[in-house]
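What follows is one structure encoded as structure tokens, with my remarks underneath.
Here, each number is a calculation from the coordinates, and none is a lab measurement. What you see is a predicted model, and the numbers here were worked out from it, not measured in a lab. Don't worry about glycine lacking a Cβ; one is built from the backbone with ideal geometry, like all the others, and counts go over all protein chains shown.
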Amino acid sequence: IGTKALIDSGATDDFMDTKFAIRHRLPLQKLPTPITCKNVDRTTNKNGKIMHCTYQRIDAGGQNRFTKFLLTGLDGEDVLLGFPWLRKVNPVINWK
């Protein structure tokens, strides 16, 4: 499945839009404990608690990694790669 991902070094986890996961029939796993998702301004996310995750292999920047994505509404984005992905991949960013 091809898609674009938003990279956010301030995100504490890697996220996938719930509708995107369902549309592509990705296998979902129920989390043992729901997670309260907070916005950048520390308010509770309007989409409520995160109840599911999916494990997917992603190819980004020439690296293929197995990644756990927490499922939530991302308002127009399919995938958000946060600090866990950045730490694993350690990408070189060309700012030009």
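Under Stokes-Einstein, with the Kirkwood radius over Cα pairs standing in for Rh, what whole-number D in µm²/s applies to the range 56-95 at 37 °C and 0.692 mPa s?
The Stokes-Einstein estimate is 286 µm²/s.
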Largest to smallest principal axis extent of the C-alpha atoms in the chain, angstrom: 37, 32, 24
Ranked list, fewest to most other Cβ atoms within 10 Å of each Cβ, for His24, His52: His24, His52
Residues whose placed amide H lies under 5 Å from that of Ile50, excluding near-sequence neighbours: Ile35, Thr36, Cys37
Using alpha carbons only: equivalent-ellipsoid semi-axes of the range 1-48, gyration tensor based, whole Å: 21, 16, 10
